Amino acid sequence: MQERLPNSPPLPLRILQIIGGFFFCGIALVLPYRMRVFYFRGLAWLFHLPVEAFGKLARFVLMRTGKNN
Amino acid sequence: MPNSACALLFSGGTDSTCAAALAAESFSEIHLLTFSEHATRYSPVPTARVRELQAAFTKNRFQQVILSNDRVLRYLCYHGYLRSVLQFGFYNLATPGLSSLSWHLLTIHYCLQHRIKVVQDGLTRELMHFPGHMDFFVAKLKCLYAEHDLRYENPVREWPTPYDQQFLDRLLVDYRGVPPAKPGSPTGTTTGDYLHKLGLSPAKNIKGTRLDHLTQHDCYPFVLYNILCFWLMENLFGFESFEEGLKRFFETKFQLARVLLEKKRHSKLFELVEP
């Protein structure tokens, strides 16, 4: 078996990631070009959503409490 | 300064802007090539960056060129697709690498049309899980350029890279320890340091900031590629095996690239179309 990168996640999470990987990549594999681009952009939006939302919330809290960012 | 020209792949980001500033020391005319495709069509065009470079280097001429690599990318992705899927499976989703290859194909075509002999690229050793950043890919590019009597250079390839400010990149890439591992604070001058000293950047590291996003043209969206790399391939086969698979996959794509450059019937793919 190939040596893994350091900090590889625990086995249960790896199994979930593999299942998720097959799902997301499987869809992309059968899509034509423009639909695939739309799919990629949609996935990017979805995965960045929690981080973007947290950033907006942090800015809001800082603004309301009068703190500088 | 000798009256010479070079072409430079230019997104307007820190690394390519630093490469442009370095190119200004050796070349009087610098053609800044920015590539736009369907996936990045809403991304800003780095015109402001070009103006800043022109203002900083008044003895040089910076020519901004915007090329659409959509057709070439589509061809690289889907030509012989069924056979490629049967042979390489999910490697066909290494689209960031195919996007990179399409840029270089158009760059070669541009250089041959404008009799430019040198190509500069601000590629560093960040995000080394991307095919276009890997050493084997860069070596293949050098060969491809040399076949057309062109010289491909990476002036900032070995420069230290700063700590990644993007949370998701730190979580997904750096934490997993994609080689080479970042040793913490870089020693030596980073591309951001260099631009900051020249007055072309407000801070030593603006990568991942809002300013960075507003001034540079995006690369191909890579969330799906990160899933392919870290969720699927690295968990199933290990990173080294994944890299070996990428080498085999891109060997066929580089062969296809050679055919594209040689066959005149594909000339429509290279029409310099403004997006």
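Values quoted throughout were computed directly from the atomic coordinates according to the rules given, and no laboratory measurement underlies them. Here the structure is a predicted model, which means the values were calculated and not measured. Neighbour counts run over all protein chains shown; Cβ positions are idealised from the backbone, glycine included.
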### Amide H contacts of residue B:152 (H built 1.01 Å from N, under 5 Å, at least 5 apart or other chain)
B:119
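Could you tell me which of the pairs B:59/B:142; B:142/B:247; A:56/B:197; B:117/B:247; B:117/B:197 are separated by over 22 angstrom between their Cα atoms in the structure shown?
Values: B:59/B:142 29 Å; B:142/B:247 15 Å; A:56/B:197 32 Å; B:117/B:247 27 Å; B:117/B:197 30 Å.
In this structure, B:59/B:142; A:56/B:197; B:117/B:247; B:117/B:197 exceed 22 Å between Cα atoms.
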### Query
What's the center-to-center distance, using Cα atoms, between the stretch B:83-146 and the stretch B:44-65 in Å?
25
#### Entry: Angle between chain A longest axis and helix A:33-64 axis [Cα atoms, degrees, rounded to 10]
30
### Query
Fewest first, what order do A:51, B:65, A:30 take by the number of other Cβ atoms within 10 Å?
A:30, A:51, B:65
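By how many nm would the segment from residue B:48 to residue B:262 lengthen if fully extended, with 0.36 nm per residue of separation less the alpha-carbon distance?
Values: separation 214, 0.36 × 214 = 77.04 nm, distance 3.58 nm.
Contour length minus the Cα-Cα distance gives 73.5 nm.
Ranked from highest to lowest mean number of other Cβ atoms within 10 Å per residue, what is the order of the peptides B:142-153, B:234-245? Spell out each step's value before the answer.
Details: B:142-153: 15.2, B:234-245: 18.3.
Listed from highest to lowest mean packing, they are B:234-245, B:142-153.
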### Query
residue B:61's amide H: which non-local residues (gap 5+, or another chain) put their own amide H closer than 5 Å, with H modeled 1.01 Å from N in plane and none for Pro or chain starts?
B:29, B:30
## Note on the structure
Output field shielding_mean for A:14-26 (other chain Cβ, 10 Å radius) holds 5
### Query
Considering the zone a paramagnetic label at residue A:51 would reach in this model (a point 7 Å from Cα along the Cα-to-Cβ line), which residues of the stretch B:1-35 have amide N under 19 Å from it?
B:13-15
### Query
With a sphere of radius 12 Å drawn around the Cβ of residue A:58, what net charge do the other residues whose Cβ falls strictly inside it have (Lys, Arg +1; Asp, Glu -1)?
+3
### Query
Near the amide H of residue B:68, under 5 Å away, which other amide H atoms are found, from residues 5 or more places off or on another chain, if H is placed in the peptide plane?
B:36, B:273
### Message
Restricting the calculation to Cα positions, tell me the Rg (one decimal) and the Dmax (whole number) of the stretch B:75-125 in Å.
### Response
14.3, 40
